[in-house]
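The values are calculated or read from the model by the stated rules, or taken from the named source; none is laboratory data. What you see is a predicted model; the values in this text were computed from it and never measured. Note that we place each Cβ from the backbone using ideal geometry, even for glycine, and neighbour counts take in every protein chain shown. With ligands, DNA and RNA removed, areas are computed over all heavy atoms of the protein, side chains included. Shrake-Rupley method; radii C 1.70, N 1.55, O 1.52, S 1.80 Å.
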Amino acid sequence: MDRFAAELERLLAGMSARGLSANTIKAYGSDLRELLDFAEAHKQNMDLDVVRDWLYAISKAGGAKSTLARKTAAVRAFSSHLFESGVVSADFGLRLKSPKLEKSLPKVATESSLDEVLERMRARSAEDPIAQMERVAFELLYGTGMRVSELCGVDLGDLDFSRQLVMVTGKGNKQRMLPYGQFAAEAIEVYVRK
């Protein structure tokens with residue numbers, strides 16, 4: 001299994017070099033180390049049978065379909081890497097099927113509930129600097145549709161006040177400019193002034 005552990009580290013380094021998300025790399029590493037531990041504990045070779053046994057054990061333990069799908073994707077990447085590196089004679093991941101994920105629509109907040117939340121935030125932010133920062137965060141999230149992870153990376157230098165644009169760095173380290181509206185602009189101005 002030492003050879004497989006070394007190949008896993010090579011795979012993760014390659015993913016990092018290609019600019020994949022740190023969260024993706026961490027999840028794949030964790031999943032594949034778990035697979036290697038399972039194979040070693042059950043004294044099995046790294047092949048389709050051990051992968052299916054591992055996924056079956058996760059499923060029986062109550063693993064969600066989304067978890068199984070992610071783990072299957074990680075195994076596919078690993079088996080492809082092992083095959084291309086000459087460690088295994090066949091890419092066993094090609095024969096794996098991901099579970100079908102249930103698609104559900106997100107729950108939508110009503111306009112009146114959002115108005116109520118925004119009014120409370122505006123009232124609280126009149127004097128409290130923490131509430132002002134929270135209002136800026138909420139207005140940017142709501143007004144631009146950016147991800148929370150993108151918001152966490154925003155600095156004042158990323159804001160173009162004259163054109164009401166914010167530069168965010170998203171998945172895959174890709175940057176994009178998002179317009180924000182008048183309410184966000186007002187919240188930012190109040191926050192920056194104080």
note = Summed over the other residues with a beta carbon less than 11 angstrom from that of residue 97, with K and R at +1 and D and E at -1, the charge totals +4
ask   = How big is the shadow of the Cα convex hull of the range 92-148, averaged over all directions, in nm²?
value = 6.8
query = Ranked from the most accessible area to the least, with a 1.4 Å probe and all protein chains present, what is the order of 188, 130?
reply = 130, 188
ask   = Using the Cβ atoms and a cut-off under 14 Å, what net charge is assigned to the surroundings of residue 25, where Lys and Arg are +1 and Asp and Glu are -1?
value = +4
ask   = Cα atoms only, the chain: Rg and Dmax in Å?
value = 23.2, 67
ask   = Can you pull the accessible area of residue 71 for me, 1.4 Å probe, Å² to the nearest 10?
value = 10
task = Rounded to the nearest Å, what's the spacing between the alpha carbon centres of the range 169-194 and the range 126-161? Just the number, please.
result = 6
request  = Could you pull out the pairs from 100/171; 26/97; 43/103 whose alpha carbons sit more than 32 Å apart here?
outcome  = 43/103
request  = Would you kindly calculate the mean projected area, averaged across all directions, of the convex hull enclosing the Cα atoms of the range 22-110, in square nanometres?
outcome  = 7.5
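When the solvent-accessible surface of protein heavy atoms is calculated with a 1.4 angstrom probe, in what order do 33, 122, 95 fall, highest first?
Output order, biggest surface exposure first: 95, 33, 122.
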ask   = With every protein chain in place, what's the accessible area of residue 142 (1.4 Å probe, Å², nearest 10)?
value = 130
inquiry  = For 117, 136, give me the order by solvent-accessible area with a 1.4 Å probe, most accessible first, ignoring ligands, DNA and RNA.
reply    = 117, 136
task = Sort largest first and round to whole Å: the equivalent ellipsoid semi-axes of the range 12-52, each the square root of five times a Cα gyration tensor eigenvalue.
result = 25, 9, 8
